[in-house]
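Dropping a structure here in structure tokens format, bear with me for questions.
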Amino acid sequence: MRTKKDFLKFFRAEILPEIQKMEKEYFGRPSIDHPLRREEWNNIIDAMVTDRELPKHAIEWSCPW
């Protein structure tokens, strides 16, 4: 995975469903927790850059939420 487009596709397929599940459990209905999504976005990018799964400049990718 080398591009933001690839990472976004991965995030939406693998990470976002779990976040949405947590949001629904917390709010009791579908809702969007923007801070939670941004935090997860940044944490996963951080981890993947550290593990060299993403390029270093990925740290600068803006979160779509």
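Bear in mind these aren't lab numbers, they're just calculated from the coordinates by the rules spelled out. The shown structure was predicted, so the numbers you read here are calculated from the model rather than taken from an experiment. A quick note on method: Cβ atoms are made from the backbone with ideal geometry, for glycine too, and the neighbour counts reach across all protein chains shown.
In the chain, what is the count of Lys pairs whose alpha carbons are under 21 Å apart, counting only pairs at least 8 residues apart or on separate chains?
On the way: Lys4/Lys56; Lys5/Lys56; Lys9/Lys21; Lys9/Lys56.
Step by step, the pairs that qualify in the chain add up to 4.
Relative to the longest principal axis of the chain, what angle (0 to 90°, nearest 10) does the C-alpha long axis of helix 34-50 take?
30 degrees
OK, next. Size of the dipole of the chain about the Cα centre, Lys and Arg at +1 and Asp and Glu at -1 on the beta carbon, nothing else charged, in debye to 20? Don't skip to the end; give the middle numbers.
Working: 12 positive and 12 negative charges, 62 e Å.
Computed about the Cα centre, the dipole is about 300 debye.
Return one number: the angle in degrees, 0 to 90 and rounded to the nearest 10, between the long axis of the Cα atoms of helix 16-27 and the longest principal axis of the Cα atoms of the chain.
Taking the Cα atoms of the chain, the angle to 16-27 is about 30 degrees.
Related question: For volume of the Cα convex hull per residue in Å³, which listed value, [x] 116; [y] 75; [z] 90, comes from the coordinates shown?
Checked against the structure: label [y].
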